[in-house]
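Visitor: Quick one: structure below, then a few questions.
The values are calculated or read from the model by the stated rules, or taken from the named source; none is laboratory data. Remember, it's a predicted structure, so these values are computed and weren't measured experimentally. Every residue, glycine among them, receives a Cβ derived from its backbone with ideal geometry; neighbour counts consider all protein chains shown. Protein only, heavy atoms only, side chains kept; ligands, DNA and RNA dropped before computing areas. Shrake-Rupley method; radii C 1.70, N 1.55, O 1.52, S 1.80 Å.
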Amino acid sequence: MDKKKVDSLSKTTSEKRDELFSWFTSQGDVIRIAAVQEQGELAFRHKDEYQKAYRAEFYYAMLVRAVAKLRWIESSHAQKAALADEEAHELTARRRERFKNKAAARRHKPSPKKEVIRVRFFEEIKQLRGEGFSWRQITEFLKEYRKAVFGWSYLKTTYEALEKERAMEVEA
């Protein structure tokens, strides 16, 4: 690899590239995809600088430039620097996409109390409700005879949600 060629094409130093790629590796897929897309656009715009003998250096330098541009855009908003309208829209779109991906990636962790109600007490609560017990009476019953403590409103809400889940399972 010809480092001087990379330096001139990317307009950076080795230290700057290390810093950029350190930032780049901490980013998610949204930024990584945007960097590859920007790399392609930069390669097309600078095709007059392309030399077949330095193909790898050229594309690496374009990636460095793309990462530098994305980092500048990401950090400029925080520094209140002026962004072009197009860059601001791209930044906002990438941030929305990143937020969606984070929200989708979060693992849903079920409530332990809800699982206890589902597994151990659902049928008993159903039977007690059928006999006309109020929610407060059911919580007192479970507390006294099953050593399980729940708030009556939580018990009601959870039971109704579980009842809907079961109804949907039967329909499916």
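Visitor: Suppose we look only past 16 Å in the calculated P(r) of the stretch 133-172. What percent of the Cα-Cα pairs does that tail hold?
Guide: Details: 332 of 780 pairs.
The share of Cα pairs beyond 16 Å in the stretch 133-172 comes to 43 percent.
Visitor: Work through the residues other than ILE138 whose Cβ is under 15 Å from its Cβ and net out their charges, Lys, Arg +1 and Asp, Glu -1.
Guide: Local charge sum for ILE138: +2.
Visitor: Provide Rg and Dmax in Å for the stretch 25-66, with only Cα atoms included in the calculation.
Guide: Spelled out, the Cα radius of gyration and Dmax of the stretch 25-66 are 11.0, 33 Å.
Visitor: Here's another thing I want to ask about it. Among all the lysines, which ones have a C-alpha under 29 Å from LYS3's C-alpha, if same-chain residues fewer than 8 places away are not counted?
Guide: LYS11, LYS16, LYS47, LYS52, LYS69
Visitor: Once the cut-off is 24 Å, how many percent of the Cα-Cα pairs in the chain end up in the long-distance tail? Can you show the working numbers first?
Guide: Details: 8754 of 14706 pairs.
Distances greater than 24 Å cover 60 percent of the Cα pairs.
Visitor: So what is the accessible area of the stretch 110-172 per residue, in Å², with the probe set to 1.4 Å?
Guide: Working: 4480 Å² over 63 residues.
Roughly 71 Å² per residue, with all protein chains present.
Visitor: May I pose another question? Rounded to whole Å, give me the distance from the Cα center of the stretch 1-59 to that of the stretch 103-172.
Guide: 57
Visitor: Still on this model: Which percent of the accessible area of the chain is formed by carbon and sulfur heavy atoms (probe 1.4 angstrom)? The partial results should precede the final answer.
Guide: Working: 6450 of 12040 Å².
Carbon plus sulfur share of accessible area: 54 percent.
Visitor: Now for a different question. How much accessible surface does GLU169 have with a 1.4 Å probe, in Å² rounded to 10?
Guide: Rounded to the nearest 10, the figure is 130 Å².
Visitor: Span-like helices, the chain: DSSP H, alpha-carbon axial extent 18 Å or more, mean Kyte-Doolittle -1.0 or greater, which ones?
Guide: On the way: long enough: 29-45 (24 Å, 0.15); 55-78 (35 Å, 0.06); 85-105 (30 Å, -1.67); 152-171 (28 Å, -0.91).
Span-like helices here: 29-45, 55-78, 152-171.
Visitor: Can I ask one more? Counting Lys and Arg as +1 and Asp and Glu as -1, what is the net charge of the other residues whose Cβ lies under 11 Å from the Cβ of SER22? Each step should come with its number before you reach the end.
Guide: Details: positive: LYS16, ARG17, ARG71; negative: GLU15, ASP18, GLU19.
Result for the neighbourhood of SER22: 0.
Visitor: So what is the calculated 222 nm ellipticity per residue for the chain, using -39500 (n - 2.57) for each DSSP H run with n of 4 or more, over all residues, to the nearest 500 deg cm²/dmol? Please report the intermediate quantities before stating the final value.
Guide: Working: 9 runs with 128 residues, N = 172.
It lands at -24000 deg cm²/dmol.
Visitor: Quick one: of LYS126/LYS164; LYS109/LYS147; LYS100/LYS156, which pairs are farther than 22 Å apart, Cα to Cα?
Guide: Working: LYS126/LYS164 13 Å; LYS109/LYS147 24 Å; LYS100/LYS156 32 Å.
From LYS126/LYS164; LYS109/LYS147; LYS100/LYS156, over 22 Å: LYS109/LYS147; LYS100/LYS156.
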